[in-house]
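Here is the structure we will look at, set down as structure tokens.
Values quoted throughout were computed directly from the atomic coordinates according to the rules given, and no laboratory measurement underlies them. In this text the structure is predicted, and so the values were computed from the model without any measurement. Glycine also receives a Cβ, built like all others from the backbone with ideal geometry; neighbour counts cover every protein chain displayed.
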Amino acid sequence: MRLRDQVIGVLNLFRAARRAFDPANVRIGQALADVATIIMLHDRGTRRSDALNEHLQPALNSRSSSSRPRAGSPSGSVWT
């Protein structure tokens, strides 16, 4: 399992009989490895995005609460 020139994983395929895989089975094995690679990369991206959101959400929450109009402002429309 590769991403460009970097190995990111391995997929082992086994069979009951002790003989080489024919070309059709090699293509199927490669297709399985390609799909598994895409899934791993998608999961990695999702985890990074979740971690970034978890890190940034408190800052966004504190900013949005301090940006609300203050109750004592004369027009009620003064933003800080």
Rough spin-label spacing in nm, given labels placed 7 Å along Cα→Cβ, for GLN30 and HIS55: 3.8 nm
Which ³J(HN,Hα) values, rounded to whole Hz and listed in residue order, are derived for segment 4-13 from phi using the Karplus coefficients 6.51, -1.76 and 1.60 in 6.51 cos²θ - 1.76 cosθ + 1.60 with θ = phi - 60°, glycine and proline given as x? 6, 9, 9, 7, 10, x, 9, 10, 9, 10
Quick one: work out Rg over Rh on the C-alpha atoms of segment 2-66, Rh as Kirkwood radius. 1.33
Ranked from highest to lowest mean number of other Cβ atoms within 10 Å per residue, what is the order of the peptides 15-21, 43-49? 43-49, 15-21
What residues qualify as long-range amide H neighbours of LEU3, i.e. H under 5 Å apart, gap of 5 or more or another chain, H built at 1.01 Å from N? ILE8
Cut-off under 5 Å, modelled amide H: who pairs with LEU11 long-range: none
For the residue pair ILE39 and VAL10, what label-to-label distance in nm results when each label sits 7 Å from Cα along the Cα-to-beta-carbon direction? 1.9 nm
